[in-house]
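A short worksheet on the structure shown next.
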Amino acid sequence: MAIRRIAVEEAFVTPEIMAQWHVVLAGRDVEPGFAKMGESILAQTPANKPLDDRLLDIGAGRIAHMDAVGVDVHLLSLTSPGVQVFDAPLAMRLAAESNDALAAAVKAHPTRFAGLAAIAPQDPAGAAREIERAAQKLGLSGVIINSHTMGEYLDAPKYRPIFEAAQSQDMPIYLHPREPAPSMVTPYLDYGLYFAGWGFAAETGLHAMRLIMSGTFDRFPRLRIVLGHMGEGLPFWLQRIDNRYLLEVKIGAVDKLPKLPSQYFLDNFVITTAGVTSMPALRLCLDVLGVERILFAADFPYEDDAEAVRFMDDAQVTEDERRQIYETNARRVFKLKV
Ligand code: CA
């Protein structure tokens, strides 16, 4: 049977969320990283118009594009930073409305779309309820969180209801990038370093490491995290992370965890190819993680998805590995019925 190409980090936005970002951006005390986003990729300019049009389309136009590039399924998610820059009540409302719109699109095109639920970490109890609603009532396949929320990371104890709900509902959390948090963004503001070429991975890799080192996966051993962009660089570092962690334990600088950091990565994480079309990077991830932990993603509409398909079609892997990366792993991780 032909391989079905399932792409798992494919972005959309609703008109109201896009409009509300610009309300925040026009206000006072805007997070410096988000302000930079407002001047670049989120700016309402003629150059960004085609991108915005693609983000807003979760219907026929998107499917026609998928057909043109040969992508069978989009696992859709609300684009970064989603609702995480709004006050809690607005964020809760817009997350729910966005999830309703997403569920309707999935219902209208069940063979082409699946979706990840947006939540508002600003209200952990409400976010937990939204995860339950997304799983039980909306038929969504996981959760998207765009790294920090108002400069805070999910290892903080107040966010545990989110992990409790994700684990009990068996919903993987896609920990998606955004620009670095206000506490670390300053040196990233020059030279475009806050953006997806480096700052996004530094921010999101840090977030993943905070989850590992804080013992989150001892508290929630069945919690599953998805990282895009070949694991935000972490597969490259795992050996050194273990090595220096063991030194820190030895000298009493950190508490010993039940497992090595790399073992949590293997047990609780999977990664996606989103935005990376480098055979050496894929080869390293295959060697370090194993093919069963690698899923295909194109990062539409921010990346050239035709190029992503060409890369994966031609990648120097076996046909069985290609099928796992394109299709089988996504079906297993997100329990897709498409
Ligand atoms: Ca993305």
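The values are calculated or read from the model by the stated rules, or taken from the named source; none is laboratory data. Note that this is a predicted model, so its numbers are computed, not measured. Neighbour counts are summed over all protein chains in view; Cβ atoms, including those assigned to glycine, are modelled from backbone coordinates with ideal geometry. Heads up: the accessible areas ignore ligands, DNA and RNA and are worked out on the full protein's heavy atoms, side chains in. Shrake-Rupley method; radii C 1.70, N 1.55, O 1.52, S 1.80 Å.
Worth pointing out:
- Residue that is assigned to a helix (DSSP H, G or I) and open to solvent by 10 Å² or more (accessible area, probe 1.4 Å), where the choices are Ile3, Ile17, Ile63, Ile41: Ile63
- All positions within the stretch 300-313 that are within 18 Å of Ile63 (Cβ to Cβ) and either buried (at least 19 other Cβ atoms within 10 Å of the Cβ) or within 15 Å of the ligand (Cβ to nearest atom) (or both): Phe300, Pro301, Asp305, Ala308, Val309
- Checking the stated criteria, Glu10 turns out to be of a type in the set (Asp, Glu), touching a Leu at 6+ places or on another chain (Cβ under 7 Å) and either open to solvent by less than 50 Å² (accessible area, probe 1.4 Å) or not in a helix (DSSP H, G or I) (or both).
- Among residues of the stretch 199-257, those that are assigned to a helix (DSSP H, G or I), open to solvent by less than 60 Å² (accessible area, probe 1.4 Å) and either within 16 Å of the ligand (Cβ to nearest atom) or touching a helix residue (DSSP H, G or I) at 6+ places or on another chain (Cβ under 8 Å) (or both), counted: 24
- Where a residue in the stretch 191-211 is in contact (Cβ under 8 Å) with a residue 60 or more places away in the chain and its partner, wherever it lies, is assigned to a helix (DSSP H, G or I), with Cβ under 7 Å and at least six apart: Tyr194/Gly33; Tyr194/Lys36; Tyr194/Tyr188; Gly199/Tyr188; Ala208/Glu232; Ala208/Leu234
- Residues of the stretch 149-166 satisfying the condition of being part of a helix (DSSP H, G or I) and either basic (Lys, Arg) or crowded, with 19+ Cβ neighbours inside 10 Å (or both): Lys158, Tyr159, Arg160, Ile162, Phe163, Ala165, Ala166
- Residues that are farther than 23 Å from Phe311 by Cβ, touching an Asp or Glu at 6+ places or on another chain (Cβ under 9 Å) and more than 16 Å from the ligand (Cβ to nearest atom) within the stretch 1-17 comprise Thr14, Glu16, listed in sequence order.
- Of all the numbered requirements in (1) of a type in the set (Val, Ile, Thr); (2) open to solvent by 10 Å² or more (accessible area, probe 1.4 Å); (3) away from the ligand (no atom under 16 Å from the Cβ), Ile294 misses one, and that requirement is (2).
- With respect to (1) open to solvent by less than 20 Å² (accessible area, probe 1.4 Å); (2) within 16 Å of the ligand (Cβ to nearest atom); (3) farther than 24 Å from Gly139 by Cβ, the lone exception for Gln84 is condition (3).
- Residues that are touching a strand residue (DSSP E or B) at 6+ places or on another chain (Cβ under 9 Å) and not in a loop (DSSP other than H, G, I, E, B) were ranked within the stretch 167-198; the one that is nearest to Glu132 (Cα to Cα) is Ile173.
- Leu286 being away from the ligand (no atom under 13 Å from the Cβ), in a helix (DSSP H, G or I) and buried (at least 21 other Cβ atoms within 10 Å of the Cβ): no
- Residue selected from the stretch 170-198 under the condition within 16 Å of the ligand (Cβ to nearest atom) and among the hydroxyl-bearing types (Ser, Thr, Tyr), by the criterion nearest to Phe300 (Cα to Cα): Tyr174
- Condition met for Ser77 (under 16 Å from Ala120 (Cβ atoms), in a strand (DSSP E or B), touching a residue at least 12 places away in the same chain (Cβ under 8 Å) and polar (S, T, N, Q)): yes
- Residue that is most open to solvent (accessible area, probe 1.4 Å) [pool: residues in the stretch 94-148 that are among the polar types (S, T, N, Q) and closer than 18 Å to Val338 by Cα]: Gln136
- Unmet criterion (only one of (1) in a loop (DSSP other than H, G, I, E, B); (2) surrounded by 15 or more Cβ atoms within 10 Å (Cβ to Cβ)) for Val333: (1)
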